[in-house]
Every structure is written in C-alpha cells, then in structure tokens.
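Right, one structure below, let's go through it.
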Amino acid sequence: MTTTAHLSDTTTLLGRSLRHISRSPDTIITTAITPIAMLLLFVYVLGGSISVGQESYVNYLLPGILLITIASGISYTAFRLFTDVSTGLFERLQSMPITRSAVLWGHVLTSLVANAVSLVLVVLVGLLMGFRSGAGVVAWLGVVGLLALFTLALTWLAVIPGLTATSIDGVSGFSYPLIFLPFVSSAFVPTDGMPTAVGWFAEHQPVTSIVNTLRNLLAEQPVGDDGWIALAWCVGLLLVAYALAMRTYRRRIS
Amino acid sequence: MTTSPPLTATAIAVAGLTKSYGDQRVLDGVDLTVRSGSIHALLGSNGAGKTTVVRILSTLLKADGGTATVAGHDVATQPAEVRAAISLTGQFAAVDDILTGRENLVLIAKLRHVDDPRGVADQLLTRFDLVDAADRRAATYSGGMRRRLDIAMSLIGDPSVLFLDEPTTGLDPQARLEVWRTIAELAAGGTTVLLTTQYLDEAEHLADRIAILHGGRIIADGTFADLQALLPPTEVEYVEKKPTLEDVFLALVRHEQ
Ligand SMILES: Nc1ncnc2c1ncn2[C@@H]1O[C@H](COP(=O)(O)OP(=O)(O)OP(=O)(O)O)[C@@H](O)[C@H]1O
Ligand SMILES: [Mg+2]
C-alpha cells in the first residue's frame, strides 16, 4: 500500500472522528472539567497551606493539572475504538481495501486534537486564576512538544483496552490509575516532604520529571537533567505503548 | 509478482476448511464452490458456523486448515487482493451511528477511492429509498433503514463478490422483499453473492444454489430441485405435497444426527 493511500485513508478517518467530537463537544468539556475543578480546589482551598517557595501556587500546579487533563482525555480514544469494535464498523473497515492501520491512526490523531482543545481550555482557566508565564516561543514549543509526546504515548496505551475490552466499564476503568499518578509526584507538592519510600517513588516516576520540565520551561528556568529524563520517559512510553498496541491489534485482526 | 486472477467461472472455492475455538471444532472440513454471478445460500442453524465461514472468506479470521480462494485470490496469502474484490455486510448492521446516512456512504466511498463520493452517495440514497432520511443521524434509523444503509455501503466500489451474513434478520416482510429484490438485481448484474440465512424460504426463493452447513461440514449442496431429490425415501411418505426446503433441511439434519 502506498504512502499517499495511507495518508488519504488516515485523513478520511481522522475527519470522521473529528466529526464525532464536534457532535459531542461534551466529551471535551467532561475532559476539562475535573482538572479545572482540581485547579480551583487546590489553588483556592488547599493552596494557602501548601508551601512551594517563591512561585505562585497556580504556576506551580498547572503543569501537573495539564497531565491529568491528558490522562482523562485519552479514555475517550478507548471509548471510540471500543464503539467501533462493538458495532462491527471496525470489522467492516478491516474487510475493505484500505491501509488497515489507518483505522487506529485516525483515532490516535483525533486524540491529539481533542486533548489539545481540552488543554487550551484548562490553560485559559489557569490564566483567569492568575497563571502567568514569560516563556518565549522556543520554551512554549518545548511545552507543546512534550505534552504532545505524552498524549501520544498514553493514547497508544488507550488503544489496547479499546480493542480488547468486553464492556464499557472495562474501557473507562483503565485510565483511573493514570489520573492518580500525578498525585504521587511533584505535581501538587514538592517531593521532599513525602515519607522516604513514597518520596523515592515520586522522584523516579515519569510524572515528576515531566512536571518539573514543564514548570521550568514555563518559568524560564533551565530544565537541566529533568528535560532529558522527561523526554526519555515520553519516548520510551510511546515506543512501548505503540508496540503493545500494535501487537494487540494484530491479534485482534487475525 | 503480478499474476492476474485465472479466468474462471468460479468466484469462491473452499476446500477442507477447518476452524476450532478451543476444543470446539466449528468447521470440520468445509468444501464449497460458488459460481461467478450466482446467488449461493449458506443455510444452517444457530451456531452452525455460517458467520465463521464468512469471516474467513472476508479475511477477518484465519482458518486452521484447508484453502479458500475468492475472486481467484487465496484468502490466507493474498488478503489485500481479496479485500479489493469483496464487500462484507456483517450479521449486525455496521454503520456509524453518529454520522448521517449520507456521511456514512461518503465515508466508505472516500475509503474506496471512488471518483465522485458525493455522487455515489446520492445515487445509493435514491436507490435504497433513504433520501428523506439522508441527513439524519443513523442512530435515528429504524432497523430496516439501518440494514438498507448497511447494504448500500457494501455496494460502493462495485465489489465482484458480496458476502451477506443474514441480511434480512430482523426486517419486516416489506423490507425483506426489498432486500431480496436488491440482491436479485445485483446478481443479474454479475455480482456473486454468498448469503447466509436461517430462513429456509429466503434460500428457496432467492438462491440459485443452497448449501447446508451442519456439524462443521456442508452436508448438501445443490439447486432447490437437487435438494428435494435428496430427501431420504423414508421421509417422502410423510410429506404430502412437493417437499419444501424446510422438509428437506429437517430431514437431512435429523438424518445426520
Ligand atoms: N470468538 C469466538 N470464540 C469462541 N467461540 C466462538 C467464537 N466465535 C464463534 N464461536 C463459536 O463458534 C460457533 C459458530 O459460530 P458462528 O457465529 O459461526 O455461527 P452462525 O452459524 O453464524 O450462528 P448464528 O446463526 O447464531 O449467527 C458457535 O458455537 C460460537 O459459539
Ligand atoms: Mg452468524
């Protein structure tokens, strides 16, 4: 199959699921609402008793909230894929002379777009609450790139339950651990105050390095080693998730 | 390697096809030949393996053993060529509920790279009496409308072989007749149709040939008249008039057990 055919099939299927989103904008709102609620809760209720040094708490908190937004947004990819499988549309497409993986790519690219919209909403609320950044174009590109990589990695992970779940509960359940991972990281409070074991886990799990990198980029600070570690985590997760998803996919279609 | 399909009047050739799920041997050596341009019915009770056969022939499932060629291409080794020649209407209408009827058709037309996707969609909407509902979401369609849309989607790109898995299950008599008429038209136009059904009258009225799948094998295959002649002599005395397909089916299936 030629690359142009692959691109054109993927574009057609991307157009289709973007249409789904435009017809159910509530999925975007639902994705953004929990992170926004957390932002409000932590900044206005708990923020007063959390000490993060010089920074304003909303500046400190926003990067972690963005990751939570992505973690909850990708469950819709699993949901849409599951719907295609359970309605038989997936099989119909697989029996057609198209580039078969275009079906997955259509959903994955849709996830990038949908999550970008949700993230913009959350950032807008952050701005209203006093979030400020003097970051330049390059730093913002870094922020966007890292968020996109993180979204891609989690989306490919979401493809797996989308293809294998037998019920709708199985589809949504998988994302809860992802949403809670940021709580045991530097996203809400610095890790130094945590008990040793928890602190060790928090220091070494991917969210902390990603959050620290985003925070430093936005604060015009050097990102240091965290930047490389965050990048390595995102690329590593992406490769593993992609390989697992493709393996699941190949099992599903043969 | 570019080999053109052999010029043969055989559209589907299946030999010794086997498939098991765990310990359950669903297909136990299925042999079937379908002539080009004919309507061949695959008849069988619930769980006989009809859908399994269709899924193997439409490259969605790998057989454990045996061979199957569709439009001259081996389903196991040349699945892409097979997919280019076929279209599948599965047992349950596979339409996108969030899209309108028209958008569903345009989607498939684009994926099949036809020249004028919107034009093709318009033609099919007219042909399947869906013009009034064209711009409503498929989720609002009745069962019959969904099935018509589903079949219309399968016709895009003029596939030479069409698999219809229980195309009229759940339709009212009127809609059933419409689907029958469409299938007959397609075959008259040269399309090969393999349709599965549990309705004996459907096979009797529509099909050129009827194959009965039972116990993982094809236990009878022929025209309706051939099958009538197969009725075991002991059964004939119980059947007063000309035997119906139902008489034949029940007699053969009982005989096998
Ligand atoms: N994925 C699967 N895993 C395990 N068993 C399966 C699977 N798919 C089908 N089967 C079994 O294989 C047998 C044949 O199924 P199939 O769907 O082909 O029958 P069918 O003739 O189409 O039946 P129906 O008339 O109900 O549609 C059934 O006993 C079914 O339970
Ligand atoms: Mg079936």
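The values are calculated or read from the model by the stated rules, or taken from the named source; none is laboratory data. None of the values given here were measured: they were computed from a predicted structure. Cβ: placed from backbone, ideal geometry, glycine included. Neighbour counts: every protein chain shown. Quick note on the areas: whole protein, heavy atoms, side chains included, nothing else; ligands and nucleic acids left out. Shrake-Rupley method; radii C 1.70, N 1.55, O 1.52, S 1.80 Å.
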If you go through region B:142-158 one residue at a time, do you hit one that is buried (at least 23 other Cβ atoms within 10 Å of the Cβ) and not in a helix (DSSP H, G or I)?
-> yes
Failed condition for B:Ala15, given (1) over 19 Å from B:Gly215 (Cα atoms); (2) more than 15 Å from ligand 1 (Cβ to nearest atom) = (1)
Restricting attention to region A:147-162, does a residue exist that is free of Cβ contacts under 8 Å to residues at least 24 places away in the same chain and surrounded by fewer than 18 Cβ atoms within 10 Å (Cβ to Cβ)?
-> no
Do we find that B:Val14 is away from chain A (no Cβ under 14 Å) and touching a Lys or Arg at 6+ places or on another chain (Cβ under 6 Å) in this structure?
-> no
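Listed here are the residues, each with its yes/no results for (1) within 15 Å of ligand 1 (Cβ to nearest atom); (2) modelled with pLDDT of 95 or more; (3) loosely packed, with under 15 Cβ neighbours inside 10 Å.
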site	(1), (2), (3)
B:Ser4	no, no, yes
B:Thr8	no, no, yes
B:Val34	no, yes, no
B:Gly37	no, no, no
B:Val75	no, yes, no
B:Thr89	yes, no, no
Which numbered condition B:Asp129 misses (of (1) charged (D, E, K, R); (2) within 9 Å of chain A (Cβ to nearest Cβ); (3) in contact (Cβ under 8 Å) with a residue 40 or more places away in the chain) = (2)
State yes or no: is A:Pro35 modelled with pLDDT of 90 or more and either within 24 Å of A:Leu121 (Cβ to Cβ) or more than 14 Å from every other protein chain (Cβ to nearest Cβ) (or both)?
-> yes
Could you please let me know if B:Arg112 is over 16 Å from B:Ile56 (Cβ atoms), more than 9 Å from chain A (Cβ to nearest Cβ) and among the basic types (Lys, Arg)?
-> no
For A:Ser17: the one exception among (1) open to solvent by 10 Å² or more (accessible area, probe 1.4 Å); (2) of a type outside the set (D, E, K, R); (3) in contact (Cβ under 8 Å) with a residue 40 or more places away in the chain; (4) within 11 Å of chain B (Cβ to nearest Cβ) | (1)
From B:Val53, B:Val70, grab the single residue that is within 12 Å of ligand 2 (Cβ to nearest atom), in contact (Cβ under 8 Å) with a residue 60 or more places away in the chain, closer than 25 Å to B:Ala203 by Cβ and among the β-branched types (Val, Ile, Thr).
-> B:Val53
Among residues of region B:55-73 being of a type in the set (Val, Ile, Thr) and in contact with a Leu (Cβ under 7 Å, 6 or more places away or on another chain), the residue nearest to ligand 1 (Cβ to nearest atom) is B:Ile56
Out of the residues in region B:159-180 that are of a type in the set (S, T, N, Q) and either within 16 Å of ligand 2 (Cβ to nearest atom) or open to solvent by less than 10 Å² (accessible area, probe 1.4 Å) (or both), which is nearest to B:Val131 (Cα to Cα)?
-> B:Thr168
So B:Ala138, is it touching a Phe, Trp or Tyr at 6+ places or on another chain (Cβ under 8 Å), closer than 18 Å to B:Ala175 by Cβ and open to solvent by less than 10 Å² (accessible area, probe 1.4 Å) = no
A:Thr4 fails exactly one of the following numbered conditions: (1) open to solvent by 50 Å² or more (accessible area, probe 1.4 Å); (2) away from chain B (no Cβ under 14 Å); (3) part of a helix (DSSP H, G or I). What is the number of that condition?
-> (2)
State the number of residues belonging to region A:52-76 that are hydroxyl-bearing (Ser, Thr, Tyr) and without any contact (Cβ under 8 Å) to a residue 24 or more places away in the chain.
-> 1
Might you check whether a residue that is away from ligand 2 (no atom under 16 Å from the Cβ) and at pLDDT below 95 occurs anywhere in region B:15-23?
-> yes
Single unsatisfied condition, A:Ser51 versus (1) among the small types (Gly, Ala, Ser); (2) within 14 Å of another protein chain (Cβ to nearest Cβ); (3) open to solvent by 80 Å² or more (accessible area, probe 1.4 Å) = (2)
Per the list (1) within 22 Å of A:Ile33 (Cα to Cα); (2) of a type in the set (Ser, Thr, Tyr); (3) open to solvent by 10 Å² or more (accessible area, probe 1.4 Å), residue check on A:Ser167 breaks on (1)
Within region B:91-106, restricting to residues that are open to solvent by less than 10 Å² (accessible area, probe 1.4 Å) and not in a loop (DSSP other than H, G, I, E, B), the one that is farthest from the other protein chains (Cβ to nearest Cβ) is B:Gly101
